[in-house]
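The values are calculated or read from the model by the stated rules, or taken from the named source; none is laboratory data. Quantities reported herein were computed from a predicted structural model and do not represent experimental measurements. Counting neighbours? That spans all protein chains shown, and the Cβs are built from the backbone with ideal geometry, glycine included.
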Amino acid sequence: MTKVGRTLVLLALVATTIGCDRVTKHIAVRSLEGTPRQSFFADTVRLEYAENRGGFLSLGANLPPAIRTATFKIGTGLILVGTLLAAIKLRLTGWPLVGLSLVCAGGASNWVDRVTRGGVVDFLNVGFGALRTGIFNVADVAVMLGACILALTYRQSTRVMEPEE
């Protein structure tokens, strides 16, 4: 595949990730806000509207508004820009670039929520019995998938560089 082809595939991945997240959040706001939790597949999947004013698992949600703004709007925006600049400077390619793109796409979509709504729209919860995830969204799935790809490709690249015994 040519460099232009790879770039187009990567842009399609980012646009699809952000698009899916934005559409599902819009549907969640329209159909879940103010309604009781819905349960599917023997309570394995729950749809439940929530707005997260903090970070991962609502960490920082109770911070004073000025600190929350600085952390989650300004700080996250700077981290996203810095991450993109680092990817360009490091000339990432292949799976590491895919992983980083997913992290940035998910992070950017959640950042848009923080800037426009003051918090992130979450609506998914999965688990069995008392073993459950926190409430999350499609952007969170992209961030976690991207982080896993980055971790796996980092581990493989360091293993390749280790001297043989």
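Take segment 29-70 and flag every residue that is part of a helix (DSSP H, G or I) and surrounded by 16 or more Cβ atoms within 10 Å (Cβ to Cβ). Give the steps one after another, and end with the answer.
Let us first name the residues in segment 29-70 that are part of a helix (DSSP H, G or I), namely 29-32, 56-58, 65-70.
If the condition is that a residue be part of a helix (DSSP H, G or I) and surrounded by 16 or more Cβ atoms within 10 Å (Cβ to Cβ), then 32, 58, 68 are the ones that fit.
May I ask you to list pairs of residues, at least six apart or on different chains, whose Cβ atoms are under 9 Å apart, with the first in segment 1-26 being assigned to a helix (DSSP H, G or I) and the second being loosely packed, with under 13 Cβ neighbours inside 10 Å and not small (Gly, Ala, Ser)?
6/93; 9/1
Among the residues that make up segment 117-128, is at least one of them without any contact (Cβ under 8 Å) to a residue 40 or more places away in the chain and of a type outside the set (D, E, K, R)?
No.
Could you check segment 81-139 and list, in sequence order, the residues that are touching a Ser or Thr at 6+ places or on another chain (Cβ under 8 Å) and more than 20 Å from residue 16 (Cβ to Cβ)?
114, 125, 126, 127, 128, 134
For segment 30-53, what are the residues that are without any contact (Cβ under 8 Å) to a residue 60 or more places away in the chain and of a type in the set (Gly, Ala, Ser)?
Once the filter is applied, which keeps residues that are without any contact (Cβ under 8 Å) to a residue 60 or more places away in the chain and of a type in the set (Gly, Ala, Ser), segment 30-53 yields 31, 34, 39, 42.
Counting only residues that are out of contact with any Phe, Trp or Tyr (no Cβ under 7 Å at 6 or more places or on another chain) and of a type in the set (S, T, N, Q), which one in segment 58-80 is modelled with the highest pLDDT?
71
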